[in-house]
Amino acid sequence: MLQGPVIVLTSFAYLGLLFAIAYYADRRADAGRSIIASPYIYSLSLAVYATAWTFYGSVGRAAVNGVGFLPIYIGPTLVIALWWIVMRKILRISKQNRITSLADFIASRYGKSALLGGVVTVIAVIGILPYISLQLKAISNSFTIVLQYPEIIMPAKLGAVPLLQDTALWVALILAAFTIVFGTRHLDAAEHHEGMVAAIAFESLVKLFAFLAVGIWVSFVLYNGFGDIFTRASTDPQLKPLLAPLEGVAGSYSSWVWLTILSMLAIMFLPRQFQVTVIENKDEKHLNKAIWLFPLYMLAINVFVLPIAFGGRLHFPGGNVDADTFVLTLPMVEKQEVLALIVFIGGLSAATGMVIVETIALSTMVCNDLIMPALLRIRALGLTMRPDLSGLLLGIRRGAIVLILLLGYMYFRLAGEAYALVSIGLISFAAVAQFAPCVLGGIFWKGGTRRGALAGLLAGFAVWSYTLLLPALARSGWLPSDLLEHGPFGIELLKPLALFGVAGLDQTTHAMIWSMIANIGAYVGVSLMAAPGAEEHRQASLFVDVFSQPDEAGGARFWRGTASAPDLHDVLARFVGTASADEIFREYARPRGVRWPQEPLEADAALVHYVEMHLAGAIGASSARVMIASVVKEEVLTLDEVREVLDEASQVVVYSRQLEEKSRELEAASAELRAANERLKELDRLKDDFISTVTHELRTPLTSIRAFSEILRDDPKLALAEREKFVGIICKETERLTRLINQVLDLAKLESGTAEWHDTRIDMRELVSEVVTAMSQVFHDKAVRVELRAPDGVPAVYADADRLKQVLLNLLSNAVKFCEAGRGRVEVSVSGEAGRVRIDVRDNGPGISAADQAVIFEKFRQVGDTLTEKPQGTGLGLHICRQIVERHGGTLWVESRVGEGACFSFTLPVAPSQRAAAAARVA
Amino acid sequence: MIPPGTKGPRLAALCLLGVLLFNYPVLAVFNVAGTLFGVPILYAYFFLAWAALIALMALVVESRD
């Protein structure tokens, strides 16, 4: 099954399937029903991070130093937790500014500088070449090995092959052709490649499936589970050092840290990762799920790396099989042809996925940020006047793809053989890490300038070239090896692998430390030395303050000049085609209520900015700038003017915040006023009620006094007995009137808080017995028995003695009043309970119904029907009692059932100094 | 600078936790002889801690507030 033709046919069938998926996805996108608008597809497309490096190289690395492959995946897991803060910002910026690539992002941030975009592009292309060569090496090696089946022969042993028989060259050319059909079939104004994303997501599934298949087979079929593999490895003297304790991890703890940092940066700044994470993102919300799904994918694809690595070394003890090929050679040596084919396809998918996205991203950069800005500036070509440039754009991109892959192949021929897969990849990681300072600095620090970014990039790149690229070429024999051993011109201090005498670090760590020092130092230093220009200043504020920008048109307020709408339409149509330009203009006109093209559009700052943004989406920010400048007459804003606009904007923000604050305060104040007003109205109503009730209550005794006085005046012949009786009534009613008026005054004082209180320490037993004694005549008159129960040791209270007497008198006289003469019995008891003194007054009268209990403490409420029965009190007594008790911090309540008498109780807090003692006694 | 909501700070805290878990000296604590179900302790630790970290991140991201 593993014959040449079968393998070639399967490979092409696989590529064909990819193309079909991409074609279908593009069709769906054109129809407006995107299949990639899902967080799951988005997460899978991020997994383009796992390349042939992961698929073949991780096992190779693990077989040499145990966990050394892991920081490459743990770093991204850690940094992705920060994406909520960092990547959301980059996404928002990119969407608002229609960024088309990493180079475009950096150029745009630093004043749409074409020079900076070009430098970034060159660094990216050179830096990524080793990485692309790694994929070519992996594909051609795996192909060569499979072809030797059933023999296991390493490609290196086959000797040098002539150029035209080199599989890697053919792989490069086929991939170039494939990528061209794939990524540059047409020009998309927004640089979205939906088909590509769908295909990449599919490839991620294929490579995961293939790797898990071989992992499960090795772990559970070839061996009896993880434990079996590690137990056997521990008996092998060669493998023993790889089982813990390791000497450091990944060589040493310091290389571990630097590899982690390196991969943290790579996951964000590799051009293909930027492409799938930022440019191809359909919805900011997809990031949420990706934050944990993508790390989960990396975890899954790494679980079987160690078992395969140890299994492979146990299986090929001689060391004549390259550990990078274990994934493939293990199934082959066990004659598992189907599995071997699956692995081959898995590796192919891992490598092609990377190559496709990487070359598309790089070709966009080369076209938009390197070649177009240069061509547009050469006036002799007259490109700014050409009617249709979309063909030229596509041509440049296609050429760039072929060129990049051929350069990758060249690197493979030059330096590919000397290194393992992972070491090749790390060189590229270190190159893209150079973008970190100017991107991260650019989105959080307004002070970063174009010159600073340029200096940082160039310095970092120079150190990278010297410490990583140069040694790679020297090791492959293309440069004298003297250079590595003794330094250039014999200067030991400048040895590329031990710069300034710093030795003992591994190559990547060494390069990262020096390049980051150079890069960050130059970026910050140069930025601080010279002030930014107007354009830089404005872009800096658009980027750093992206979350407070009003909308996409935020940049329009910086533009001043004159333009004509037809000119703008023309320039847009040249790059995106007339139909798209028409659509873009219609979209602009619709919300403004203009029926374009019947009615003319006003070519104001908003329109110019709008067209520039759309143009930037097709050809990058710096080229768009040049094109727009060619058709409009622009007044260049000075730095001061830009600052003014920015200040104005920030002033407006400050004012509006203050305004919001003020209006919130006003609202709160008016709510308070409303509440106060309600309370006043309620009090007013209560006062009215009170006055009308009081006058009513006053009128009752007055009426009877007046009636009896008139009888006495008008009827002189009245008998003496009658006369005495009437005078008696008048006296009683007068007394009642006096009592009522006294109580009303009393209540008024209590309620207004002007009553005077003379608080002293009071022994409640004494006070109660005093009152009972004072009332004894009343009890005697009505033949009501009174019992006082006051045990020793009741604590004292702190209160106004006269007021408490008033309460007790009131309760006792009520009790007497409602008791049946002769059979009545009143029980008064004083007791102490947890920090309080309790007084109960119990009678055996008719009792109080539940409905009455609820109201008897209110003003002028009496039990019984006041219409038919003569009222027996003023209706204020209990209300006043409750006021007094509550003033002392106690409560007054009643318990009663009809026919079973009533019990009025109140409690008062114990006087402070005695509270502790009382509590102890109760306990 | 940090967008509103509690997810940002929580995720940043998880990042710091990860930095702690996968670094010296915590790694050195687990870099010892011995096995867990036949797997060397350091290797087992890596994958278990990694999985736990991902689970926490999922928990934070998918929470409602």
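The values are calculated or read from the model by the stated rules, or taken from the named source; none is laboratory data. All figures in this text were calculated on a predicted structure; none of them were measured in a lab. Cβ sites come from the backbone with ideal geometry, for glycine too, and all protein chains shown count toward neighbours.
From the residues in region B:11-34 that are crowded, with 18+ Cβ neighbours inside 10 Å and more than 12 Å from A:L78 (Cα to Cα), which one is farthest from the other protein chains (Cβ to nearest Cβ)? Across region B:11-34, the extreme among qualifying residues is B:F30. The set of residues in region A:833-862 being among the hydrophobic types (A, V, I, L, M, F, W, C), free of Cβ contacts under 8 Å to residues at least 40 places away in the same chain and within 30 Å of A:V910 (Cβ to Cβ) consists of A:A854, A:I856, A:F857.
How many of the residues making up region A:134-153 are among the acidic types (D, E) and in contact (Cβ under 8 Å) with a residue 40 or more places away in the chain?
First, pick out the residues of region A:134-153 that are among the acidic types (D, E): A:151.
Narrowing the set further to residues that are in contact (Cβ under 8 Å) with a residue 40 or more places away in the chain leaves none.
Here the count works out to 0.
The number of residues in region A:386-409 that are surrounded by fewer than 21 Cβ atoms within 10 Å (Cβ to Cβ) and in contact (Cβ under 8 Å) with a residue 40 or more places away in the chain comes to 9.
Taking every residue in region A:278-292 that is away from chain B (no Cβ under 14 Å) and pairing it with any residue that is surrounded by fewer than 17 Cβ atoms within 10 Å (Cβ to Cβ), at least 6 positions away or on another chain, the pairs with Cβ-Cβ distances below 6 Å are A:K282/A:A37.
Return yes or no: is A:G504 on the phi > 0 side of the Ramachandran plot, outside any helix (DSSP H, G or I) and among the small types (G, A, S)? It would help to see each step written out before you state the result.
Numbers: on the phi > 0 side of the Ramachandran plot: yes; outside any helix (DSSP H, G or I): yes; among the small types (G, A, S): yes.
Against the criterion (on the phi > 0 side of the Ramachandran plot, outside any helix (DSSP H, G or I) and among the small types (G, A, S)), A:G504 qualifies.
Checking each residue in region A:694-713 for being of a type outside the set (S, T, N, Q), over 24 Å from A:K725 (Cβ atoms) and without any contact (Cβ under 8 Å) to a residue 40 or more places away in the chain picks out only A:H696.
Could you list, ordered by first residue, the pairs with Cβ atoms under 9 Å in which the first is in region A:666-693 and in the same structural domain as A:L740 (by TED's automatic domain parsing) and surrounded by 10 or more Cβ atoms within 10 Å (Cβ to Cβ) and the second is among the hydrophobic types (A, V, I, L, M, F, W, C) and in a helix (DSSP H, G or I), at least 6 apart or interchain? Pairs found: A:F690/A:V744; A:F690/A:L747.
Considered as a group, the residues in region A:299-320 that are at the interface with chain B (Cβ under 9 Å from one of its Cβ atoms), among the hydrophobic types (A, V, I, L, M, F, W, C) and assigned to a helix (DSSP H, G or I) include one that is farthest from A:A340 (Cα to Cα), and that residue is A:L299. The criterion of at least 1 residues that are away from chain B (no Cβ under 14 Å) and at pLDDT 90 or above is met by the following helices (runs of 4 or more DSSP H) wholly inside region A:69-152: A:102-109, A:114-147. Say whether the condition of being touching a Leu at 6+ places or on another chain (Cβ under 8 Å), of a type outside the set (A, V, I, L, M, F, W, C) and within 14 Å of A:L212 (Cβ to Cβ) is met by at least one residue in region A:327-335. Within region A:327-335 (the criterion being touching a Leu at 6+ places or on another chain (Cβ under 8 Å), of a type outside the set (A, V, I, L, M, F, W, C) and within 14 Å of A:L212 (Cβ to Cβ)), the answer is yes, since at least one residue qualifies. Selection of region A:436-453 for residues being outside any loop (DSSP other than H, G, I, E, B) and within 12 Å of another protein chain (Cβ to nearest Cβ) yields A:I443, A:F444.
Only one entry in A:Q273, A:Q238 is surrounded by fewer than 23 Cβ atoms within 10 Å (Cβ to Cβ) and part of a loop (DSSP other than H, G, I, E, B), namely A:Q238.
Checking every residue in region B:49-61 against the condition of being among the small types (G, A, S), at the interface with another protein chain (Cβ under 7 Å from one of its Cβ atoms) and either closer than 17 Å to A:I85 by Cβ or surrounded by 16 or more Cβ atoms within 10 Å (Cβ to Cβ) (or both) gives at least one match.
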